[in-house]
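A.B. asks: Structure provided below as C-alpha cells; questions to follow.
Laboratory data are not the source of any read-out in this text; all were calculated from the coordinates shown. These numbers were taken from a predicted model, which means no experiment stands behind them. Note that each Cβ is placed from the backbone with ideal geometry, even for glycine, and that neighbours are counted across all protein chains shown.
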Amino acid sequence: MEGILALIVVALLGAFCVRWAAARMRLTVPARGGVIIVFVLVVLALWGQSLD
C-alpha cells in the first residue's frame with residue numbers, strides 16, 4: 001500500500017514538473033497535454049513492471 005501511495009505522490013510531483021517545464025518552453029496546450037499523457041503512460045508502465 002505504501003508503494004502505491006509513494007507512486008501517486010511521485011506521479012503528481014512529476015506531472016507538476018512536466019507542466020512547469022512545458023510552460024517554460026512555451027508549448028501549446030495540446031502539446032502540454034501530450035507531454036502529461038506520455039508521462040502518465042511511462043509511470044504506469046514502470047508501476048506494472050514493479051508488480052512482477
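A.B. asks: Would you list Phe39, Phe16 from fewest to most Cβ contacts within 10 Å?
C.D. replies: Placing the least packed residue first, the sequence is Phe16, Phe39.
A.B. asks: If you keep only loop residues by DSSP, which trypsin sites (Lys or Arg not before Pro) in the chain have at most 10 other Cβ atoms within 10 Å of their Cβ?
C.D. replies: Answer in residue order: Arg26.
A.B. asks: Quick one: if you stick a label point 7 Å off each Cα along the C-beta vector at Cys17 and Val38, how many nm between them?
C.D. replies: 1.6
A.B. asks: In degrees from 0 to 90, rounded to the nearest 10, what is the angle of the helix 2-24 Cα long axis to the longest principal axis of the chain?
C.D. replies: Compared with the principal axis, the helix lies near 10 degrees.
A.B. asks: Still on this model: Return one number: the angle in degrees, 0 to 90 and rounded to the nearest 10, between the long axis of the Cα atoms of helix 29-50 and the longest principal axis of the Cα atoms of the chain.
C.D. replies: Tilt of helix 29-50: around 10 degrees.
A.B. asks: So how do Trp47, Trp20 line up by other beta-carbon neighbours within 10 Å, fewest first?
C.D. replies: Ordered by Cβ neighbours within 10 Å, fewest first: Trp20, Trp47.
A.B. asks: Turning to a different aspect of this structure: Can you compute the equivalent ellipsoid semi-axes for the chain, i.e. the square root of 5 times each eigenvalue of the Cα gyration tensor, sorted largest first and rounded to whole Å?
C.D. replies: Gyration-tensor ellipsoid for the chain: 24, 12, 6 Å.
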